[in-house]
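Participant: Let me begin by handing over the structure; questions about it come next.
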Amino acid sequence: MTERMNHFQQKEKHVFVPFITAGDPSPDSTVELALTLEANGASALELGIPYSDPLADGPVIQRASLRALQQGMTLEKAMTLVGTMREKGLTIPVIIFTYYNLLLQLGEQTFYEQALRNGIDGLLVPDLPFEESESLRKGCEEHDLSLISLVAPTTSPERLAHIGAQAHGFLYCISSLGVTGTRSSFSTDVMSFLEKAKAATSIPVLIGFGLSHKTQMQAFESQCDGFIVGSAIVKKIEELGPDLVNEETRDTALGAFSTYIAQLVP
Amino acid sequence: MMKTTFPDHRGRYGKFGGKYVPETIMFALEDLEKGFQDALQDEAFLHEVNKELMHYSGRPTPLTYAHKLTEALGGAKIYLKREDLNHTGAHKINNAIGQALLAKRMGKEKIIAETGAGQHGVAAATAAARYGLQCTVYMGEEDIRRQSLNVFRMKLLGAEVVPVTSGTRTLKDATNEAIRQWVAAVKDTFYMIGSAVGPHPYPQMVKYFQSVIGLETKEQFTSITNKTLPDKIIACVGGGSNAIGMFAPFLQEDVELIGVEASGKGIETGLHAATMAQGTPGVIHGSLTALLQSEDGQIQEPYSISAGLDYPGVGPEHAYLHESKRVTYEGVTDAEALEALHLLCIEEGILCALESAHAVAQAMKEAKRMTTEQDIVICLSGRGDKDVHTLFEQVKEDLQ
């Protein structure tokens, strides 16, 4: 684990981990958005790599992927963007969120080398279940990277115990069935799911999928260590997109983004 | 010859296959694996599947000796396994009946399915009607436009057709969307996949339900010819369900097996669906297989005149059979397939599907190089009624 991830795990307060798509609306603005997120309380950043076939994602992140692909974004380019973020002073851990095929084509070794070179702390692969992740788990451990594990409300108690015991960084609890995207309400079972997840692991337990309001997060506060917010933020970026890429309006747009993030988390 | 013990306990065929899916549906795949294995031990279930194939779909389908086509080509004798004579017009119904009965046995009341041109969608809607299941079919908006009659057929059969507007709005996106919807409704919904693709145990299960094609062929060939085995068996490959069903009982036998993929307008034009020839190992729809993709791993949109062959991946067992060289995979262009389709019409009075015409075209090349004492079996996977509109447009295009 990196020093940054270690620091992240020690936080007393609830952590806030935002997700943004690399290259949306442009590579430069991704760097600016990351810095703005840290300035507004983000404890870590999940950086999504655009993919042609994102089967765990809802329409908002699908659209972001498409925009980023049109910008020519790739896994390798996104990793060098993190290097730029570091040069510009980003200190929070960065977790690369990528579908497995992109990683497979880049090659695990190249990924580890680039991760080290660019100050990357972790990896999350939404379509790589525990059973398929053995080589990646080993490789990440050897290279001080945290491979983030996901658990869902449908994960059996035995699996939860198994995954929880071997999880790194933080345990990502999927709040509800379905793909990414905001939900208007959550099942009452979420609380007991989070409780079981907390019992299954010694690392921080974060909840994600569907969170878009402070009040939703407050409801889960007692049973988790933090929140992951993706689609709601990506949707805001979509709205601000044209202004973020226009030099004359960029600062105003970043200001609006700042205001939005500040009111988002408890 | 090597004994096949695939898939292994992880659902692998050599390095191919596996389960590359979100954690949320892992339990459903485990459930399905168990449900499928249980069903295979249940005599009553197997009897029910066979009975439905016989009395509802019209099996066994004939093995027809194509004597005029044989004479016209002047080489090996050509036999046609007539999957085109199935209810709904193609082999797709074999799998749809099997999976629908399995869904019922597992206590599911809803099925979802993806479809490209609409053939699997129609088969799924048909089986759902027959067995009292609620059916939702995901179909790319672009395919809905191109195949409006099949959309209407599915609706007539009581299915709901949901347009998919993501990505390139074709089969691969419809499959993504079906998987996404399955993730959301996984507790009470059965995902009926249409080809020998997807995460384990789907490729294994689809192969099982389609292997009736090969099993019947083996018996029929012997009874017609008094020989044990044909020299070559040829089938078209998109996802590869008719091919794997046809090949299954022959994999351990001394028969040359040939899969035919779509070379479209020619490999060199970039407009093709030649996954084996041009693909590299990658993950699509939950399975590691041969895949048409860019260097950095974005999935590429394939092309073929035949909507059933334009899939950027292929079933993982085919990827393995290609790598192990047990099956040879050849390419046939749009033009060659069209020529074969016309020849089969004129010589045998059979209008086959454009997909199946790719297998016929390859057989034409092979037969000429063989003796009159040798035998070729073609899997004629479907009938061409669905393609009449495409053929009509093609003739107009050729005239201009």
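The values are calculated or read from the model by the stated rules, or taken from the named source; none is laboratory data. In this text the structure is predicted, and so the values were computed from the model without any measurement. Here the Cβ positions follow ideal geometry from the backbone for every residue, glycine too, while neighbour counts run over all protein chains shown. Just so you know, the surface numbers come from the protein's heavy atoms only, side chains and all, with ligands and any DNA or RNA stripped out. Shrake-Rupley method; radii C 1.70, N 1.55, O 1.52, S 1.80 Å.
Participant: Mind listing, in residue-number order, the residues in region B:17-59 that have at least 20 Å² less accessible area with every protein chain present than in their own chain alone (1.4 Å probe)?
Facilitator: Flagged in region B:17-59: B:K19, B:Y20, B:V21, B:P22, B:E23, B:T24, B:M26, B:F27, B:E30.
Participant: Over region B:279-386, what is the relative contact order in percent, taking alpha-carbon pairs closer than 8 angstrom and at least six residues apart? Write out the running numbers ahead of the final one.
Facilitator: Working: 135 pairs, mean separation 19.6, N = 108.
Reported relative contact order: 18 percent.
Participant: Another one. Counting only Cα atoms, I'd like the Rg/Rh figure for region B:259-323, Kirkwood definition for Rh.
Facilitator: Radius of gyration over Kirkwood radius for region B:259-323 works out to 0.93.
Participant: Right, next: Pick from B:A307, B:A235, B:A39 the residue whose mean-square fluctuation is largest in a GNM of chain B, springs joining Cα atoms under 10 Å.
Facilitator: B:A39
Participant: Counting only Cα atoms, I'd like the Rg/Rh figure for the protein assembly as shown, Kirkwood definition for Rh.
Facilitator: Here the Rg-to-Rh quotient is 1.01.
Participant: Moving to a separate point now. Taking each residue of A:117-123 in turn, how many C-beta atoms of other protein chains fall within 10 Å of its C-beta, and what is the average?
Facilitator: Mean partner-chain Cβ count within 10 Å for A:117-123: 0.
Participant: Right, here's the next one. At 222 nm, what value in deg cm²/dmol follows for the protein assembly as shown if DSSP H runs of at least 4 each add -39500 (n - 2.57) and the sum is divided by all its residues, to the nearest 500?
Facilitator: Result for the protein assembly as shown, helices only: -14000 deg cm²/dmol.
Participant: Nearest 100 Å² is fine: what is the total accessible surface buried where chains A and B meet, probe 1.4 Å?
Facilitator: Adding both sides of the contact gives about 2700 Å².
Participant: Just the number, please: Stokes-Einstein D of region A:168-242 in µm²/s, Kirkwood Rh from C-alpha pairs, 25 °C, 0.890 mPa s. Intermediate results must be reported in sequence, preceding the final value.
Facilitator: On the way: Rh = 12.9 Å.
Approximately 190 µm²/s, per Stokes-Einstein.
Participant: Could you check which residue among A:L145, A:L240, A:L194 shows the biggest mean-square fluctuation in a GNM of chain A with a 10 Å Cα cutoff?
Facilitator: Greatest mean-square fluctuation among the candidates belongs to A:L240.
Participant: A further question on this structure: Across chain B, what fraction of all alpha-carbon pairs, as a whole percent, falls in each successive 10 Å bin from zero upward?
Facilitator: Spelled out bin by bin, chain B gives 5, 25, 36, 25, 8, 1 percent.
Participant: Quick one: which residues, 5+ away or cross-chain, put their amide H under 5 Å from the amide H of A:F227? H built at 1.01 Å from N.
Facilitator: Distant-sequence amide H within range of A:F227: A:V15, A:F16, A:V17, A:I207.
Participant: Shifting gears a bit: In region A:133-154, what residues drop by 30 Å² or more of accessible area when the other protein chains are put back, versus the chain on its own? Use 1.4 Å, and skip ligands and nucleic acids.
Facilitator: Correct list: A:T154.
Participant: Beyond a 24 Å Cα-Cα separation, which of these cross-linked pairs lie in this structure: A:K198/B:K110; B:K155/B:K207; B:K15/B:K207; B:K108/B:K155; B:K232/B:K325; A:K236/B:K19?
Facilitator: On the way: A:K198/B:K110 34 Å; B:K155/B:K207 28 Å; B:K15/B:K207 18 Å; B:K108/B:K155 21 Å; B:K232/B:K325 15 Å; A:K236/B:K19 34 Å.
Correct reply: A:K198/B:K110; B:K155/B:K207; A:K236/B:K19.
Participant: Using the heavy atoms of the protein chains alone and a 1.4 angstrom probe, what is the accessible area of the protein assembly as shown per residue in square angstrom?
Facilitator: Heavy-atom SASA per residue in the protein assembly as shown reads 38 Å².
Participant: Additional query: Output the relative contact order of region B:84-235, whole-number percent, from Cα pairs under 8 angstrom with separation of 6+ residues.
Facilitator: Contact order relative to length: 23 percent.
Participant: Tally up the carbon and sulfur contribution to the accessible surface of region A:1-147 as a whole percent, 1.4 Å probe, everything protein left in place.
Facilitator: Within region A:1-147, the accessible surface is 48 percent carbon and sulfur.
Participant: Another question, if that's okay. Comparing the chain by itself with all protein chains present, which residues of region A:71-111 are at least 10 Å² less accessible (probe 1.4 Å)?
Facilitator: Those are A:T74, A:Y100, A:N101, A:L102, A:L104, A:Q105, which lose 10 Å² or more relative to the chain on its own.
Participant: Pop out the carbon and sulfur fraction of the accessible area of region B:24-127 as a percent, whole number, probe 1.4 Å.
Facilitator: 51 percent
Participant: Given the options B:A174, B:Y208, B:I193, identify the residue whose Cα lies farthest towards the positive end of the charge dipole of region B:148-209 (+1 on Cβ of Lys, Arg; -1 on Cβ of Asp, Glu).
Facilitator: With unit charges placed on the Cβ atoms, the residue in question is B:Y208.
Participant: May I pose another question? Find the percent of Cα-Cα distances in chain A that exceed 31 Å, and round it to a whole number.
Facilitator: Beyond 31 Å sits 18 percent of the P(r) for chain A.
Participant: Using Cα-Cα distances under 8 Å and only pairs 6 or more residues apart, what relative contact order does chain A have, in percent?
Facilitator: 22 percent
Participant: Separate question: Carbon and sulfur: what percent of region A:200-266's accessible surface (1.4 Å probe)?
Facilitator: Ligands and nucleic acids excluded, carbon and sulfur give 47 percent.
Participant: Give the value in nm², to one decimal: projected area of the alpha carbon convex hull of region B:1-109, averaged over all directions. Intermediate results must be reported in sequence, preceding the final value.
Facilitator: On the way: hull surface 44.0 nm².
Mean orientational projected area (region B:1-109, Cα hull): 11.0 nm².
Participant: Still on this structure, please answer the following. So for chain B: antiparallel DSSP bridges make up what percent, rounded to the nearest 5?
Facilitator: 30 percent
Participant: Once Rh for region B:1-46 is found with the Kirkwood sum over Cα pairs, what is the Stokes-Einstein diffusion coefficient at 10 °C and 1.306 mPa s, in µm²/s?
Facilitator: Answer from the Stokes-Einstein relation: 128 µm²/s.
Participant: Let me ask another. What's the magnitude of the charge dipole for region A:1-60 around its Cα centre, counting Lys and Arg as +1 and Asp and Glu as -1 at the beta-carbon? Answer in Debye, nearest 20.
Facilitator: 280 debye
Participant: If you don't mind, there's one more thing I want to ask. Binning at 5 Å from 0, report for region A:1-69 what percent of all alpha-carbon pair distances ends up in each bin.
Facilitator: 3, 16, 22, 20, 17, 13, 8, 1
Participant: On average, how many beta carbons from a partner chain sit within 10 Å of the beta carbon of a residue in A:52-63?
Facilitator: Details: counts 14, 16, 4, 16, 9, 4, 3, 3, 0, 0, 6, 1.
Going residue by residue through A:52-63 and averaging, the value is 6.
Participant: Sticking with this structure for a sec: Less than 14 Å from a label point 7 Å out along the Cα-to-Cβ axis of B:E253: which backbone N atoms in region B:202-231 qualify, by residue?
Facilitator: B:211-231
Participant: Which whole number gives the average, over all residues in B:291-297, of C-beta atoms from other chains lying within 10 Å of the residue C-beta?
Facilitator: The shielding value for this peptide is 6.
Participant: For region A:52-160, divide the Cα radius of gyration by the Kirkwood radius and give the resulting Rg/Rh value with two decimals. Can you show the working numbers first?
Facilitator: Numbers: Rg = 14.7 Å, Rh = 15.0 Å.
Using Cα coordinates only, the ratio equals 0.97.
Participant: Rank A:M191, B:M139, B:M370, A:M1 by accessible area, highest first, at a 1.4 Å probe radius?
Facilitator: Working: A:M191 60, B:M139 0, B:M370 20, A:M1 100 Å².
Solvent-accessible surface, decreasing: A:M1, A:M191, B:M370, B:M139.
Participant: Can you pull a Stokes-Einstein diffusion coefficient for region A:110-198 at 10 °C (1.306 mPa s), Rh from Kirkwood over Cα pairs, as a whole number of µm²/s?
Facilitator: In µm²/s, the coefficient is 111.
Participant: Let me ask something additional. Could you check which residue among B:Q119, B:Q99, B:Q134 shows the biggest mean-square fluctuation in a GNM of chain B with a 10 Å Cα cutoff?
Facilitator: B:Q134
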